[in-house]
Amino acid sequence: MQDSFLHKGKRKQLIAYLRGAGISDEKVLTAMNEVPRHLFIESIFEDFAYEDRAFPIAAQQTISHPSTVAEQTELLALKEGEKVLEIGTGCGYQTAVLVAMKTLVFTVERQKDLFDFSRKKLSELHLKPRFQSFGDGFAGLPTFAPFDKILVTCGAEELPVELLKQLRIGGKMVIPLGAQDQQVLYRFTKISATEIEKEAFGIYKFVPMLNNTQ
Ligand code: SAH
């Protein structure tokens, strides 16, 4: 599969749609206009790759809706060169958007199939993160902490304390929290070692954040 003029045209339409839906961080929109989402999903979905839809990927997981990726990324308020920890690499699409925004991305995936797929794909597209790990995201990546931003792309029942520890003071963590069938998207800002600001941004449905690796 290639990145044709047709794909590029559809991508532009998706960006216009996201702008209309309220995404205003131009850096997010520019990055999403650059990353060929159709190359991260199975070819049977190619024609719908630039619609605001989620699709199944390997290991019974899903690639998030473009609007969810845009919203989560915008909430991080990213600046070039920031260190970002992503939990749940999945097929690597969200990772690619973060890399395209010129941030230093450290990403963790617990499913071996997806870890292998995303590593190959991101390398082929020259959108390689700084570090890619096969492991359990509940533990974060203490060796590389602290992070400026943390993005969790799966739904956790409670805030993972270890991740909060790995966020620098002043840093932000975007994470869906709640029961398995639906979650509230939250942004936590670490004001000081003991003070956390918590903001809620609507209801979503993410795949669950699970323990251990598979
Ligand atoms: N951002 C991804 C979304 C994938 S869905 C994309 O664009 O495709 C969320 C991913 O989180 C799944 O791949 C799932 O396997 C992974 N995941 C769930 N629990 C995890 C954990 N504890 N550690 C790391 N990854 C986890």
Loop only per DSSP, at most 12 neighbouring Cβ atoms within 10 Å: give me the trypsin sites (Lys or Arg not before Pro) in the stretch 49-100, ordered by residue number.
79
Label point 7 Å out from residue 182 along Cα-to-Cβ: which residues of the stretch 66-95 have amide N under 18 Å?
68
Assign unit charges at the C-beta atoms only (+1 for Lys and Arg, -1 for Asp and Glu), then state the dipole size of the chain relative to its Cα centre in Debye, rounded to the nearest 20.
500 debye
Pairs to check: 27/172; 27/128; 27/165; 12/121; 112/172; 121/165. Give those whose C-alpha atoms are more than 26 Å from each other in this structure.
27/165; 112/172; 121/165
Please sort 130-136, 66-72 by packing, taking for each peptide the average over its residues of neighbouring beta carbons within 10 angstrom, highest first.
66-72, 130-136
What fraction of the Cα pairs in the chain, stated in percent, has a spacing above 27 angstrom?
24 percent
Be a star and scan the stretch 135-156 for residues whose amide nitrogen sits under 16 Å from the point 7 Å along the Cα-to-Cβ vector of residue 165.
136-147
Antiparallel content of DSSP bridges confined to the chain, in %, to 5:
45 percent
For the stretch 131-214, state which trypsin sites (Lys or Arg not before Pro) are in a DSSP loop and have at most 12 other beta carbons lying within 10 Å of their beta carbon.
none
Those GluC sites (Glu not before Pro) in the stretch 142-213 that DSSP places in a loop and that have at most 15 other beta carbons within 10 Å
157, 158, 195
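Throughout, read-outs are computed from the coordinates displayed, never taken from laboratory work. What you see is a predicted model; the values in this text were computed from it and never measured. FYI the Cβ positions are ideal-geometry reconstructions off the backbone, even for glycines, and counts take in every protein chain you see.
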